[in-house]
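Before any comments, here is the structure.
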Amino acid sequence: MKNRPSQALVIKSEISADFPDLGELAALRAWYEGVSSREAVERYLGEQRAKDESSRGVIRRIRQKLISFARSRHQADLVELLDHPDSKKANLSRKVFQAIDYLRNSVVPEPLVTDDIGKWLPERTCRSLQAHGIRTLADLTVRVPRRRMWWAGIDGLGATGAKRIEAFFAQYPQLTERAHALIAVPTNSDIVPWEVLRVPEDVDGSYGVFRAPRKTCSLNADNDYQAVNAWLSLHETPSTLRAYRKEAERLILWAALERGVAMSSLTAEDAVAYRAFMRRPASRWIGPSLSRTSPEWRPFNGPLCARSVAYALSVLGAMYRWLMEQGYVLTNPFAGIKVRGAARTTAMEIQHVFSDGEWALIRTIADGLEWSYGWTAPAAQRLRFILDFAYATGLRISELVEVSLRSVHVDDRDDHWLSLVGKGSKPGKVALPPLARSALQRYLVQRGLPTTPNMWIPSTKLIGSMGLENQSGISATRLWVVMKRFFETAAGEVGQENPALAEKLRKATPHWMRHTHATHALARGAELTSVRDNLRHASISTTSIYLHGDDVKRAKQMGSAFLVRD
């Protein structure tokens with residue numbers, strides 16, 4: 001029986017895996033929506049199929065192309081999702097569409113020294129290495145450069161397997177460079193990012209004070225770093241993963257370098273000290289925003305405000321709770337720790353709202369984008385739809401890019417609604433006022449799509465892409481870029497006459513539309529509970545921050561009440 005080829009070589013061959021084109025994706029989406037394979041292929045691919053190739057074969061080939069692409073991106077969970085029986089397509093369609101959107105923007109992965117060797121090397125080779133305590137690429141890169149026959153004494157490896165490993169490292173020389181750095185600087189004084197962090201054994205949590213009994217732990221983690229990695233792996237959203245990694249990274253570094261203990265040895269007193277540290281980190285922990293590969297990288301850009309400290313503590317508390325649930329640690333040192341001033345309403349919400357006059361000026365500028373500012377007509381039309389629809393509904397940016405025509409419905413009282421899945425995967429519905437409905441109808445006409453609901457293709461995204469496939473949507477990142485470009489354009493237009501508004505526009509983000517929606521709705525007489533339900537806030541106290549006082553009215557009334565004495 002032949003040995004399985006090196007995973008590194010397999011990966012190299014699959015880097016060129018093609019992503020399905022727009023026609024193939026459209027056919028696949030139709031098939032998932034319940035259209036027969038024959039109708040889906042004839043509608044979107046026409047003569048593109050190979051001679052004598054069945055429609056089922058075409059759909060199968062498109063799915064295999066996606067699976068190969070996911071495998072080339074090291075997305076084993078997506079490979080498993082996409083490789084499902086045909087009978088389960090209806091139940092998995094939503095998850096598959098999300099996976100396709102994720103893969104569309106994914107990049108070929110680069111190995112990190114902290115990666116498990118099983119991610120990059122053949123299974124048989126991994127078993128031999130793991131038997132000798134080599135579990136990560138960091139362990140391997142430190143060993144390989146030390147001597148010529150580094151593999152001697154590793155049972156089951158041999159010269160052939162060693163050459164494959166060396167070829168893998170030759171393909172990724174940065175791994176060896178990082179290994180040399182680790183060997184050259186074996187102290188615990190370096191403040192380095194998570195990817196290259198190697199915590200000394202005496203503070204890595206292998207024997208943490210509050211470690212639970214090993215036999216009752218459901219994790220295979222030997223130390224805190226591995227346990228936290230297991231927790232991080234639960235989160236697939238890139239932004240969430242980055243945010244949570246930042247908090248875990250800061251804590252493990254601080255525990256080792258400032259307190260000289262493992263994360264799993266931290267006490268409640270340590271947690272209180274860390275709360276104070278985040279408000280006033282030492283200078284060696286602070287630096288400008290730089291690439292994580294820069295030697296000048298630092299985990300803090302400056303002291304954290306009360307709200308940021310509260311957020312960090314909530315993330316760390318959640319992390320410890322999960323580690324307790326898995327039987328890794330016995331206590332949560334961050335339980336019950338509060339942050340003074342974190343719950344106070346600040347002026348931020350007021351500053352992140354456009355007044356009626358500012359909003360009218362912004363829409364006037366948007367109306368002339370293609371005539372005065374060089375935007376293409378489709379781009380300008382899409383931007384105006386985004387402005388009006390976001391302003392009228394108060395949707396989050398993540399919700400704006402996900403909603404499709406299937407989300408729109410009319411109830412028995414002829415009221416229009418938008419059904420969606422919001423923050424925290426919670427289902428909800430949002431009222432569609434006349435402004436939102438008219439903006440949608442106008443935008444559908446501009447896209448050449450029908451405005452009659454029974455003629456809609458349900459999967460058509462409300463915000464269209466600029467590509468050939470008019471029914472596909474855009475990513476949240478792309479929407480953010482488009483909106484920021486418009487705000488910059490508007491800032492340049494009003495800069496001379498209204499520098500304060502120009503500065504405000506340069507700071508604006510798409511989320512300001514949600515703040516503006518809530519503030520204007522309340523100011524025009526909408527009830528607080530109605531706005532709360534439309535924003536899908538858990539507490540009415542959250543919505544009440546948009547009840548801004550009218551400073552002009554207040555000043556006038558108080559002036560009338562307390563006149564100068566005669």
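The values are calculated or read from the model by the stated rules, or taken from the named source; none is laboratory data. What you see is a predicted model, and the numbers here were worked out from it, not measured in a lab. Ideal geometry is used to build each Cβ from the backbone, glycine not excepted, and the neighbour counts take in all protein chains shown. Ligands, DNA and RNA are stripped out before the accessible areas are found, and what is left, the full protein with its side chains, is counted by its heavy atoms. Shrake-Rupley method; radii C 1.70, N 1.55, O 1.52, S 1.80 Å.
Taking amide H atoms as placed 1.01 Å from N in the peptide plane, the amide H of residue 207 has no partner under 5 Å among residues 5 or more positions away or on other chains.
Subtracting the Cα-Cα distance of residue 105 and residue 507 from their residue separation scaled by 0.36 nm leaves 142.1 nm. When peptides 310-318, 383-391 are sorted by average Cβ neighbour count within 10 Å, with the highest value leading, the order is 383-391, 310-318. Can you bin the stretch 89-133 into rounded, prolate or oblate? Criterion: square roots of the alpha carbon gyration tensor eigenvalues sorted a ≥ b ≥ c, rounded for a/c under 1.5, prolate for a/b above b/c, oblate for the rest. Since a/c reaches 1.5 and a/b is larger than b/c, the shape of the stretch 89-133 is classed as prolate.
Principal axis analysis of the Cα atoms in the stretch 380-467 yields extents of 31, 28, 23 Å, listed in decreasing size. The modelled label-to-label distance between residue 527 and residue 234, using points 7 Å beyond Cα along the C-beta direction, is 3.8 nm.
Under 5 Å between amide hydrogens, built in the peptide plane, is the criterion, and for residue 300 it picks out 287 among residues at least 5 positions away or on other chains. Here the extension length gained between residue 451 and residue 466 equals 3.5 nm, from 0.36 nm per residue of separation less the Cα-Cα distance. For the residue pairs 246/484; 429/461; 95/461; 484/504, alpha carbon separations beyond 21 Å are given by 246/484. Cα centroid separation, the stretch 486-541 to the stretch 400-445: 20 Å. Taking one quarter of the surface of the C-alpha convex hull of the stretch 368-515 gives a mean projected area of 9.7 nm².
Scaling against 2.2 N^0.38 Å puts the C-alpha radius of gyration of the stretch 189-301 at 1.08. Counting heavy atoms of the protein chains alone, residue 191 has an accessible area of about 20 Å² for a 1.4 Å probe.
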